[in-house]
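To start, the structure itself, in structure tokens.
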Amino acid sequence: MSARTKLAKFGFAHIRLPLFLLLAILEPVVNLMLGSLALLGVLLALFRRLVGPPHFPFLLMLGISLGFGPALTCYHALLRSLSSYGCRSKLIHIAPSA
């Protein structure tokens, strides 16, 4: 293993925890914002489709609103990947008792 690889692993190990803590603290706000934007965007798109002008960009608004769901999934995947790094080798597997 080269010195550059060791330095990269050392740097990532020390940046991972503060980044994880920041993202974990912001998680309720991100959940609320992205979930609200997705729900309100879909409802507004449907409302504007039924009541609004005929030239309203319905599919664009619906696509953007539904895109907040995968964005939230990516946020949770990032949190999961940051929290499990370094702990993979420390997992304790307990055999079930008979």
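Being in a helix (DSSP H, G or I), aromatic (F, W, Y) and at pLDDT 90 or above: is that true of F47 here? In short, yes. Note on the range 10-27: residues that are under 15 Å from A77 (Cα atoms), of a type outside the set (A, V, I, L, M) and out of contact with any helix residue (DSSP H, G or I) (no Cβ under 6 Å at 6 or more places or on another chain) amount to 1. For first residues located in the range 1-29 and at negative phi, partners that are aromatic (F, W, Y) and not in a helix (DSSP H, G or I) and lie 6+ apart or on another chain with Cβ distances below 7 Å form the pairs R16/Y85. Among the numbered conditions (1) surrounded by 11 or more Cβ atoms within 10 Å (Cβ to Cβ); (2) modelled with pLDDT under 90; (3) more than 24 Å from N31 (Cα to Cα), the only one that S81 does not meet is (3).
The values are calculated or read from the model by the stated rules, or taken from the named source; none is laboratory data. Quantities reported herein were computed from a predicted structural model and do not represent experimental measurements. All Cβ positions, even for glycine, are placed from backbone atoms using ideal geometry, and neighbour counts span all protein chains on display.
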